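Colleague: Sharing a structure, written as structure tokens. Questions coming.
The values are calculated or read from the model by the stated rules, or taken from the named source; none is laboratory data. Everything numeric in this text was worked out from a predicted model, so none of it was measured. Note: ideal-geometry Cβ built from the backbone for every residue, glycine included; neighbour counts use all protein chains shown. Only protein heavy atoms, including side chains, enter the accessible area calculation; ligands, DNA and RNA are left aside. Shrake-Rupley method; radii C 1.70, N 1.55, O 1.52, S 1.80 Å.
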Amino acid sequence: MTTPSAHPSFQGRIGRTVAESEPWFEEHPHAPPGAPNVVFVLLDDTGFAQFGCYGSDIDTPHIDALAANGVQFTNFHVAPLCSPTRASLLTGRSQHAVGMRSVSNFQTGFPNQLGHITNHAATIAEVLRAEGYATFCAGKWHLAPTQDNSAAGPFDQWPLGRGFDRFYGFLEGETDQFFPELVADNHPVDPPGRPEDGYHLSEDLVDQLLQMITDSKGVRPDRPFFAYLPFGATHAPHQAPADYLAKYRGRYDEGWDVVRQRWYDRQIETGVIQPHTVLAPRNPGVQPWNELSENQQRLACRLQEAFAALLDHTDVQIGRFVAGLEHLGQMDNTIFVVMADNGASQEGGPTGVMHEFKFFNQIPESVDEVVEHLDDIGGPKSHSNYPWGWAQCGNSPFRWYKQNTHEGGVHVPMVVHWPAGIDADQSGSMRDQFVNVSDVTPTIYELLGVEAPEMFRGLEQLPITGKSFAPMLADPDAPAANTVQYFENGGSRALVALQDGVWWKAVVRHMPGDDFDTEPWELFDLGQDPSECNDLAADQPERLTQLIDLWWSEAERHGVLPLDDRGNELFALPLRQNTPHPPSRRYVYRPPMSRIPFASSPSAGGSAFDLTARVTRSAGDDGVIWATGTAGAGASVFVQNDRLVVDYNAFAEHTIVESAEVLPEGDAVLSLHLRRTGEWAGIVELRVDGESAGQAELPVMMRMISSLGSSIGSDYGSTVSERYEGSFPFAGTLHEVEINLSARTQADVAATARAEMARQ
């Protein structure tokens, strides 16, 4: 007699006794013996020319060595923005089709902008884990709705929810390299050090990722791994250790015109670009170097030095990671891919910025004042980004930048290294065939012999639309597999297509409000004009019309529509029930609590901000009640020497109010009130038990304070106020912090939008 099993998956036989039964053991999936490991290393906002092996004089010997012993791709394309590129990279599909037409900071109610990768598109981590791979991620995620990035979750779109066994890094678009907002797996953690201890995020990421791999290989040497290492570098803020900054001091004093020409010449000399490629003219807004004032030149040079130092430092960390894999005996059979997510960034503006958040607040920085603080650039006290001239230099030989669908925004470096799978005679060779980021994961699947599932976790899957370029790794003459590729970002569009043996590109740089149907497109023959300098639209109108029609067809096929050029309004806080931002604009926090990321925090940048804290304390119970921001800009409410204090730090200009009277012992209600009195001016007031305890005028009341959110009961990260050190936790009992906001104005929302777009 056989007894039915209560477990439907059981494939043995159950009798009345063990002797009459047949056991069955479930086998976990396992990759075949010898299956290679896979590594994706992704750099942020790194232009086509900025690796040494792509033309620059920035020291990147470790990336250069991977290229010299692997295959270097010189016609590789991505989306013009980070989240879309990441979504396409990890799924092998169009970014619009998987719900990520833009950054993950908002949703639009249409399937092309979910704020996360649709569950109908399994990531490569999900697919490879189902094939028996260990899966690890260390670095920038930015593929979950940002309002879901707090310790409250939900966590389904965090890395562990999308196929990774382990995660260490940050969830939003950027973070401070010295004081990052970190997450380990599904919970916030503090950095293991501070800048004075020698801490830097890029080093930490590599340490953590190697630990994950050695933990796995030490216990399960038979199990291959997929490791995803998306650095925060080289996104702003450009911050590096002091010795790297010193190394580049004075290197760029000749200016961007001379340096860009030199990098371009080197690109031709090394074969990165064809000899007939024209160096594009300066982008609008980029001045000739010799027309800048002496102080403008000094600032621009120091900002470029900080970028170069950060990239150099990142390269060293890639070298450390490679050395770690070599120590484990894993490097030879690892498919190791290094690439960038989009072109060099334009968010530094025409002159560059010492403090990006002044730019976001539309507060002009005086170059003559900033040069008094040049030595802060690149260090823990700066949040800098370089000017357009250096960004275009980094995108040499192309036009435009990140966010644009011209080549400067979408044409970036990629290196593939795999000693066990690429013939030695191909080491150091280049490939000039067109390849898109959506082609990378299908290539990995082909190399591993893996089929993307048609159903995953009960959900029908979107088809893989990327094209494998695996044959190119063995054959430098293999034809391009991807011969039609659309691009789109905020209404800017482009199409690259092979027609009649010619690689054509139709492209339009859309400005918000322009008519999608009548705005002028440009037409380029990329084979003859890779840098898009000779517009053929007037000469070949029929060809252009055909390509525009093809763009619309591809847009329908890949879920690009509807076109949407909205900007600022999409970044307004979503005041809805069952979200971090209730329609009442009332927030109540009861510690202990983890830090609250920016997108989940109440903003102190509106017209009115009221904070009320209920405390119980004894004499000497000092510490921070609430803080937001960093040493560069922020606000902190704290008790010190038994008095209530607020330090309103507007870009290192501190307005401090301290209660005249000592606080009462026992229970007390402490409050802060901010009111905007003009476009920029405001007033700050402290109250104790409802009675005014001091006030001051604010020459600058910031609309966008920082990318860092709120801390309850301490000051997380770099200290907002110079009146204390470290996190300065409150020593009394903090029962509750209540914050009430006024409605935000269009100017407030615009400042937030500028900051959030620059963080991508």
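Colleague: Given Val588, Val615, which one is assigned to a strand (DSSP E or B), open to solvent by 20 Å² or more (accessible area, probe 1.4 Å) and either under 16 Å from Ile712 (Cα atoms) or modelled with pLDDT under 95 (or both)?
Modeller: Unique residue meeting the criteria: Val588.
Colleague: When both residues are 6+ apart or on different chains and their Cβ atoms are under 9 Å apart, which pairs have a first residue that lies in segment 560-584 and is outside any loop (DSSP other than H, G, I, E, B), and a second that is open to solvent by 40 Å² or more (accessible area, probe 1.4 Å)?
Modeller: Asn568/Gln746; Asn568/Arg754; Glu569/Gln746; Leu570/Gln107; Phe571/Arg754; Phe571/Met757
Colleague: Conditions first: (1) modelled with pLDDT under 95; (2) surrounded by 20 or more Cβ atoms within 10 Å (Cβ to Cβ); (3) in contact with a Phe, Trp or Tyr (Cβ under 8 Å, 6 or more places away or on another chain). Ala627 passes all but one, so which condition is the exception?
Modeller: (1)
Colleague: Could I ask something else about it? Looking at (1) open to solvent by 40 Å² or more (accessible area, probe 1.4 Å); (2) more than 30 Å from Ser94 (Cα to Cα); (3) touching a helix residue (DSSP H, G or I) at 6+ places or on another chain (Cβ under 8 Å), which is the only condition Gly632 fails?
Modeller: If we test Gly632 against (1) open to solvent by 40 Å² or more (accessible area, probe 1.4 Å); (2) more than 30 Å from Ser94 (Cα to Cα); (3) touching a helix residue (DSSP H, G or I) at 6+ places or on another chain (Cβ under 8 Å), just (1) comes out false.
Colleague: Consider Leu663 against the criteria (1) open to solvent by less than 30 Å² (accessible area, probe 1.4 Å); (2) assigned to a strand (DSSP E or B); (3) more than 18 Å from Ser594 (Cα to Cα); (4) not polar (S, T, N, Q): it satisfies all of them except one. Which criterion is unmet?
Modeller: (2)
Colleague: Also, quick follow-up: Quick check: anything in segment 116-130 in contact with a Lys or Arg (Cβ under 8 Å, 6 or more places away or on another chain) and on the phi > 0 side of the Ramachandran plot?
Modeller: No, segment 116-130 has no match at all.
Colleague: Continuing with the same structure: Which numbered condition in (1) within 29 Å of Lys217 (Cα to Cα); (2) without any contact (Cβ under 8 Å) to a residue 40 or more places away in the chain is the only one that Pro364 fails?
Modeller: Evaluating Pro364 over (1) within 29 Å of Lys217 (Cα to Cα); (2) without any contact (Cβ under 8 Å) to a residue 40 or more places away in the chain leaves (1) as the failure.
Colleague: Moving to a separate point now. (1) open to solvent by 40 Å² or more (accessible area, probe 1.4 Å); (2) within 28 Å of the chain's Cα centre (by Cα); (3) closer than 28 Å to Pro230 by Cβ: which one isn't true of Arg282, the others all being true?
Modeller: The single condition Arg282 does not satisfy is (3).
Colleague: Right, something else. Out of the residues in segment 726-760 that are at pLDDT 95 or above and among the acidic types (Asp, Glu), which is most open to solvent (accessible area, probe 1.4 Å)?
Modeller: Selected residue: Glu738.
Colleague: Does Ile464 qualify as being under 15 Å from Leu90 (Cα atoms) and part of a loop (DSSP other than H, G, I, E, B)? Before you say what the answer is, go through the steps one by one.
Modeller: On the way: under 15 Å from Leu90 (Cα atoms): yes; part of a loop (DSSP other than H, G, I, E, B): yes.
So Ile464 passes the test.
Colleague: Tell me, please, whether a residue that is under 28 Å from the mean Cα position of the chain (by Cα) and open to solvent by 30 Å² or more (accessible area, probe 1.4 Å) can be found in segment 513-529.
Modeller: Yes, segment 513-529 contains at least one residue that is under 28 Å from the mean Cα position of the chain (by Cα) and open to solvent by 30 Å² or more (accessible area, probe 1.4 Å).
Residue-by-condition table, conditions (1) of a type outside the set (Phe, Trp, Tyr); (2) more than 25 Å from the chain's Cα centre (by Cα); (3) assigned to a helix (DSSP H, G or I):
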| residue | (1), (2), (3) |
| --- | --- |
| Thr441 | yes, no, yes |
| Val450 | yes, yes, no |
| Pro453 | yes, yes, no |
| Ser468 | yes, yes, no |
| Pro471 | yes, yes, yes |
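Colleague: Now for a separate question. On the given criteria, is Pro602 open to solvent by less than 30 Å² (accessible area, probe 1.4 Å), within 30 Å of the chain's Cα centre (by Cα) and not aromatic (Phe, Trp, Tyr)?
Modeller: Working: open to solvent by less than 30 Å² (accessible area, probe 1.4 Å): yes; within 30 Å of the chain's Cα centre (by Cα): yes; not aromatic (Phe, Trp, Tyr): yes.
Yes; evaluated as a whole, the condition is true for this residue.
Colleague: In addition: Look through Gly713, Gly709 and report the one residue that is open to solvent by less than 50 Å² (accessible area, probe 1.4 Å), at pLDDT 95 or above and under 17 Å from Pro602 (Cβ atoms).
Modeller: Sole residue among the options that is open to solvent by less than 50 Å² (accessible area, probe 1.4 Å), at pLDDT 95 or above and under 17 Å from Pro602 (Cβ atoms): Gly713.
Colleague: Please go through segment 541-556 and give me each residue that is in contact (Cβ under 8 Å) with a residue 24 or more places away in the chain, of a type in the set (D, E, K, R) and within 20 Å of Pro84 (Cβ to Cβ), ordered by number.
Modeller: Once the filter is applied, which keeps residues that are in contact (Cβ under 8 Å) with a residue 24 or more places away in the chain, of a type in the set (D, E, K, R) and within 20 Å of Pro84 (Cβ to Cβ), segment 541-556 yields only Glu554.
Colleague: Of all residues being of a type in the set (Gly, Ala, Ser) and assigned to a strand (DSSP E or B) in segment 473-512, which is surrounded by the fewest Cβ atoms within 10 Å (Cβ to Cβ)? Just the residue, please.
Modeller: Ranking the qualifying residues of segment 473-512, first place goes to Ala497.
Colleague: Does Gln211 satisfy being surrounded by fewer than 16 Cβ atoms within 10 Å (Cβ to Cβ), modelled with pLDDT of 95 or more and part of a helix (DSSP H, G or I)?
Modeller: yes
Colleague: If you don't mind, there's one more thing I want to ask. Residue pairs, Cβ under 6 Å, 6 or more apart or interchain, first in segment 43-58 and open to solvent by 10 Å² or more (accessible area, probe 1.4 Å), second of a type in the set (A, V, I, L, M, F, W, C). List them.
Modeller: Listed pairs, sorted by first residue: Cys53/Ala67.
Colleague: How many residues are open to solvent by 10 Å² or more (accessible area, probe 1.4 Å) and either touching a residue at least 60 places away in the same chain (Cβ under 8 Å) or outside any loop (DSSP other than H, G, I, E, B) (or both) if we restrict to segment 150-169?
Modeller: The qualifying residues number 7.
Colleague: Right, here's the next one. Which members of segment 176-187 meet the condition of being in contact with a Leu (Cβ under 7 Å, 6 or more places away or on another chain) and either open to solvent by 20 Å² or more (accessible area, probe 1.4 Å) or under 14 Å from Pro237 (Cα atoms) (or both)?
Modeller: Passing the criteria: Gln177, Pro180, Glu181, Asp185, Asn186.
Colleague: Inside segment 323-430, counting only helices (runs of 4 or more DSSP H) that do not spill past its ends, which hold 1 or more residues that are within 25 Å of Gly271 (Cα to Cα) and either open to solvent by less than 10 Å² (accessible area, probe 1.4 Å) or modelled with pLDDT of 95 or more (or both)?
Modeller: 388-394, 407-410
Colleague: Just need a number here: residues in segment 67-88 that are buried (at least 24 other Cβ atoms within 10 Å of the Cβ), within 27 Å of Glu326 (Cα to Cα) and either aliphatic (A, V, I, L, M) or without any contact (Cβ under 8 Å) to a residue 60 or more places away in the chain (or both).
Modeller: The total comes to 1.
Colleague: Quick one: which of Thr123, Thr74, Thr108 is more than 24 Å from Leu210 (Cβ to Cβ), modelled with pLDDT of 95 or more and among the β-branched types (Val, Ile, Thr)?
Modeller: None of the other options fit; the residue is Thr74.
Colleague: In the list Glu203, Glu196, Glu172, which residue meets the criterion of being acidic (Asp, Glu) and part of a loop (DSSP other than H, G, I, E, B)?
Modeller: Glu172
Colleague: Further question on the same structure: If you check Ala474, Ala480, which single one turns out to be farther than 19 Å from Val39 by Cα and touching a strand residue (DSSP E or B) at 6+ places or on another chain (Cβ under 8 Å)?
Modeller: Only one candidate passes the filter, namely Ala480.
Colleague: Ala233 versus (1) among the aliphatic types (A, V, I, L, M); (2) farther than 23 Å from Leu143 by Cα; (3) assigned to a loop (DSSP other than H, G, I, E, B): which is the lone unmet condition?
Modeller: (2)
Colleague: Given the criterion surrounded by fewer than 16 Cβ atoms within 10 Å (Cβ to Cβ) and not small (Gly, Ala, Ser), identify the matching residue among Arg249, Arg260.
Modeller: The match here is Arg249.
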